[in-house]
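Encoded as structure tokens, the structure appears first; notes follow it.
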Amino acid sequence: MKSRSIITLLAGSLFLVLLAHGNASTAPPVLPNPVLYLTGTEVFSQGGKQFIRYKYDVLNKDAYPADLFAAAPALPPCGANTKSSRTWVDIFDSRGKRLYGFCALGKPADLGKIWFALEVGVVPPSYVYIEMTDRQTNTKYKSNLADTTL
């Protein structure tokens, strides 16, 4: 009787280990939140007005898989762009006001070329952050607050 209980206990434990291992291997990887930082500013003209472009990079952009930025024609379009990417990136001021967005980044490296612009003379917010929205899984990745001055 005692050996039967031990065998049952061992078989049950083995089953739980195999079950847990099977679930762990099929779970999607946990991705880090983006680490945003200012790379510089530049003045440009458009429509007879002058603007300052605030340029940013994501330090850990290599941690994101390329499929996050693949064209997603099965998801709602971005305006007339029916092949916009699976993940959209929006830039917000520290109070949550959206400043600009990108809906067609094609690869993780493109996170090194994000920006927003304000007309010359407009005081920028002290800090900004980004939200990356994976539209396929409805997952949001929110960055740190990043400066608008070097």
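The values are calculated or read from the model by the stated rules, or taken from the named source; none is laboratory data. Keep in mind it's a predicted model, so treat the numbers as computed, not measured. Note that each Cβ is placed from the backbone with ideal geometry, even for glycine, and that neighbours are counted across all protein chains shown. Just the protein is used for accessible areas: all its heavy atoms, side chains included, with ligands, DNA and RNA removed. Shrake-Rupley method; radii C 1.70, N 1.55, O 1.52, S 1.80 Å.
Find how much the distance from Asp147 to Glu42 grows on full extension, using 0.36 nm per residue of separation minus their present alpha carbon separation; answer in nm with one decimal.
Going from the current span to full extension adds 36.3 nm.
Provide the net charge surrounding Tyr37, with neighbours chosen by a C-beta distance below 9 Å and charges set as Lys +1, Arg +1, Asp -1, Glu -1.
Working: positive: none; negative: Asp57, Asp147.
Taking every other residue near Tyr37 into account, the sum is -2.
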Solvent-accessible area per residue for segment 66-106 at a 1.4 Å probe radius, Å²?
55
Integer Hz, Karplus 6.51/-1.76/1.60 couplings in order for segment 97-109, x for Gly and Pro
7, 6, 9, 5, x, 10, 10, 9, 5, x, 7, x, 4
For segment 67-150, would you read off the P(r) tail past 17 Å as a percentage of all alpha carbon pairs?
49
Taking the Cβ of Pro124 as the centre, find all other residues whose Cβ is under 15 Å away and add up their charges (Lys, Arg: +1; Asp, Glu: -1).
+1
